[in-house]
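Below: the structure, in structure tokens.
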Amino acid sequence: MSELKNDEEGIFDGCFYVWVDVTKKYMSKKDGKFNDYERIKD
Amino acid sequence: MVNLQESMKKFEVEDGNELDYFEVKYGESAPKIMVVSEIWGLTKFIKSFSRRVAMEGYNVIAPDLYSRKEDKSIFTEENIMDAMRPMWSLPPEKRRDPEAMNEVIKKLSPTGKKIFEYVSQKREIMEKRMISDLGHLYEADMNSHKKKGIVGFCMGGGLAFQLSTEKHFDASVIFYGASPRNMEDMAKIKGGVFGIYAGEDSGINATIPQVMEKVVNHKINFEMKMYPGTYHAFFNDTGMSYNREASEDAWERVKYFYRRNLNE
């Protein structure tokens, strides 16, 4: 696997920012409440 | 009546840690499929999807990539969400502006700051570690199986696509995942790949033209389905952008793809 260049998105950071956009789009309509995902506790 | 057996198991990774994985067993001789999660980790959605896949006649494993002792309390869905929320105020074009980013980082909680470290200066370490962890699970639990598949969503889609260039999978399903960084790696793919994309997902879709070029150049067994009008993560029925019609259609296509590549 090649090294990440400075201006290049990686899988983890790229996905993080995709979700920043997704959550902004949807959750701003829900007063920013976190209620859509539940971490498995076991 | 299908009698599935499910349990949590452990596998060892390169740094000596043991990570958890969720296993759903259909039967000894059934093909094995690895399910790789979204950035949210081993969620209810991933577990329930794993069961759905197993019901179709497969043994399924789904690793918890955040199950190192030091990660467990940091990479929770709530903490990941908390790390994202302050970013909403930052326009995408400012994400590489250190000054603007510093202002946002100040608003992060201590765990949010730790997560952000892995999004910024440690992003390459994180990515390589995840690929390595998946590779270890493959070697420990899949390699001996005759027929092997993988499926990943978003972050897991990118990881699955990359791993399919490094390990042998007969069938790889990529749900709105990043393409391999070095596109030439695609020449090493041995099995079939099914790429599923949301129409309104410009970041993920940006590299599809290069993927198609490699598909043609290297004669890769590649199928693709684009769902116009859908958004990132449309398949996740617990999520905000769930699209029932597209999700149901994709599921039928995934089952058919696996049947052709894993059962025939």
Evaluate the following for residue B:32: is it over 24 Å from residue B:238 (Cβ atoms), at pLDDT 95 or above and not hydroxyl-bearing (Ser, Thr, Tyr)? yes
Scanning the stretch B:203-235 for residues that are within 14 Å of chain A (Cβ to nearest Cβ) and in a strand (DSSP E or B) gives B:230, B:231
For the stretch B:56-93, name all the residues that are away from every other protein chain (no Cβ under 13 Å), farther than 22 Å from residue B:144 by Cα and either of a type outside the set (D, E, K, R) or open to solvent by less than 10 Å² (accessible area, probe 1.4 Å) (or both). B:68
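Here is a yes/no grid of residues against (1) at pLDDT 95 or above; (2) within 17 Å of the chain's Cα centre (by Cα):
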| residue | (1), (2) |
| --- | --- |
| B:101 | no, no |
| B:109 | no, no |
| B:129 | yes, yes |
| B:132 | yes, yes |
| B:161 | yes, yes |
| B:177 | yes, yes |
| B:192 | yes, yes |
| B:203 | no, yes |
Please count how many residues of the stretch B:112-131 are aliphatic (A, V, I, L, M), more than 19 Å from residue B:160 (Cα to Cα) and more than 9 Å from every other protein chain (Cβ to nearest Cβ). 0
Failed condition for residue B:200, given (1) more than 13 Å from every other protein chain (Cβ to nearest Cβ); (2) open to solvent by 70 Å² or more (accessible area, probe 1.4 Å); (3) over 21 Å from residue B:159 (Cβ atoms); (4) not polar (S, T, N, Q), with all others met? (1)
Can you find a residue in the stretch B:236-247 that is under 23 Å from residue B:59 (Cα atoms) and either assigned to a helix (DSSP H, G or I) or not assigned by TED's automatic domain parsing to the domain that holds residue B:49 (or both)? yes
Verdict on residue B:39 being within 21 Å of residue B:164 (Cα to Cα), in the same structural domain as residue B:130 (by TED's automatic domain parsing) and assigned to a strand (DSSP E or B): no
Filter the stretch B:237-264 down to residues that are in contact with a strand residue (DSSP E or B) (Cβ under 7 Å, 6 or more places away or on another chain) and of a type outside the set (Ser, Thr, Tyr) and give me whichever is modelled with the lowest pLDDT. B:243
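To keep it simple, each residue is scored yes or no on (1) out of contact with any Gly (no Cβ under 8 Å at 6 or more places or on another chain); (2) open to solvent by less than 100 Å² (accessible area, probe 1.4 Å); (3) more than 7 Å from chain B (Cβ to nearest Cβ); (4) at pLDDT below 75.
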| residue | (1), (2), (3), (4) |
| --- | --- |
| A:2 | yes, yes, no, yes |
| A:5 | yes, no, yes, no |
| A:8 | yes, yes, yes, no |
| A:13 | yes, yes, no, no |
| A:19 | yes, yes, no, no |
| A:26 | yes, yes, no, no |
| A:29 | yes, no, yes, yes |
| A:33 | yes, no, yes, yes |
| A:39 | no, yes, no, yes |
Selection over the stretch B:216-259 where residues are closer than 26 Å to residue A:27 by Cβ, loosely packed, with under 14 Cβ neighbours inside 10 Å and of a type in the set (S, T, N, Q) yields a count of 0
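The values are calculated or read from the model by the stated rules, or taken from the named source; none is laboratory data. Because the structure is a prediction, the values reported are computed rather than measured. Note that we place each Cβ from the backbone using ideal geometry, even for glycine, and neighbour counts take in every protein chain shown. These area figures cover heavy atoms from the full protein model, side chains too; ligands, DNA and RNA do not enter into them. Shrake-Rupley method; radii C 1.70, N 1.55, O 1.52, S 1.80 Å.
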